[in-house]
Amino acid sequence: MNKVGIIMGSTSDLPVMQEAIDVLKGFGIDVEVDIVSAHRTPEKLFDYGKKAHTRGLKVIIAGAGGAAHLPGMIASLSPLPVIGVPVKSRNSIDGWDSVLSILQMPGGVPVATVALDGAKNAGILAAQIIGASDKNILDKIIAFKENLKEKVINGAKEINA
């Protein structure tokens, strides 16, 4: 079974992270969603990171704002690929603090990082990772990309009509 873990530092991140949930469900991929704060629930973070692969997760998407330690800390604990979503929070410096906190990981602890509030792309990337070993999901990704191409072609036809 393919399942993606989607975690975030607080419920205030859910409006952004919902896009990843929706994308993955659209591809028929199960999701496990939880709140895991790197600073307020460190014991939960350690437990989640160390055991995620034992629950059937294939990829973890971690969204965080401000100091944004969640994706990197999960990546340090889990053998699974981690995709970080920097979230522009109310205490953020235009989101750049979150982007850089997730992007600038030390060697040996990779975190794939998407754009600020880019949870949709995180969901697509997680599906692509799963699609590398699951033909059913791969076929859905191929169809998704074909649909993107068709939208551009049709848009060009409309403006040139």
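The values are calculated or read from the model by the stated rules, or taken from the named source; none is laboratory data. These figures come from a predicted structure and were not determined experimentally. Cβ atoms come from the backbone with ideal geometry, glycine included; neighbour counts cover every protein chain shown.
Tabulated results
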item	result
1 or more residues free of Cβ contacts under 8 Å to residues at least 24 places away in the same chain and among the aliphatic types (A, V, I, L, M): qualifying helices (runs of 4 or more DSSP H) within region 1-91	14-26
Failed item, numbered, when ALA115 is tested on (1) under 15 Å from the mean Cα position of the chain (by Cα); (2) surrounded by fewer than 17 Cβ atoms within 10 Å (Cβ to Cβ); (3) modelled with pLDDT under 95	(3)
Test: residue in region 143-160 that is farther than 25 Å from GLU43 by Cα and part of a loop (DSSP other than H, G, I, E, B)	yes
Options ASN154, ASN160, ASN91: the member that is more than 26 Å from VAL31 (Cα to Cα) and touching a strand residue (DSSP E or B) at 6+ places or on another chain (Cβ under 8 Å)	ASN91
Residue that is in contact with a helix residue (DSSP H, G or I) (Cβ under 8 Å, 6 or more places away or on another chain), of a type in the set (Gly, Ala, Ser) and either closer than 22 Å to SER133 by Cβ or modelled with pLDDT of 95 or more (or both), where the choices are ALA20, ALA38	ALA20
Qualifying positions in region 45-73 - more than 13 Å from VAL4 (Cβ to Cβ) and in contact with a Gly (Cβ under 9 Å, 6 or more places away or on another chain)	TYR48, ALA64, GLY65, GLY66, ALA68, HIS69, LEU70, PRO71, GLY72, MET73
Test: residue in region 91-108 that is surrounded by 10 or more Cβ atoms within 10 Å (Cβ to Cβ) and under 19 Å from ILE21 (Cα atoms)	no
Residue match in region 119-132 (condition: in contact with a Gly (Cβ under 7 Å, 6 or more places away or on another chain), in a helix (DSSP H, G or I), among the β-branched types (Val, Ile, Thr) and farther than 16 Å from ALA38 by Cα)	no
Cβ-Cβ under 6 Å pairs, at least 6 apart or on other chains, region 129-142 side in contact (Cβ under 8 Å) with a residue 12 or more places away in the chain, far side assigned to a helix (DSSP H, G or I) and among the polar types (S, T, N, Q)	ILE141/GLN128
Filter result (farther than 19 Å from GLN104 by Cβ, buried (at least 17 other Cβ atoms within 10 Å of the Cβ) and not aliphatic (A, V, I, L, M)) within region 43-77	TYR48, GLY49, LYS58
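For every residue, the table says whether it meets (1) in contact with an Asp or Glu (Cβ under 8 Å, 6 or more places away or on another chain); (2) modelled with pLDDT under 95; (3) not β-branched (Val, Ile, Thr).
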{"residue": "LEU14", "(1), (2), (3)": "no, no, yes"}
{"residue": "GLU32", "(1), (2), (3)": "no, no, yes"}
{"residue": "GLY49", "(1), (2), (3)": "no, no, yes"}
{"residue": "GLY66", "(1), (2), (3)": "yes, yes, yes"}
{"residue": "PRO71", "(1), (2), (3)": "no, no, yes"}
{"residue": "ALA75", "(1), (2), (3)": "no, no, yes"}
{"residue": "PRO86", "(1), (2), (3)": "yes, no, yes"}
{"residue": "SER101", "(1), (2), (3)": "no, yes, yes"}
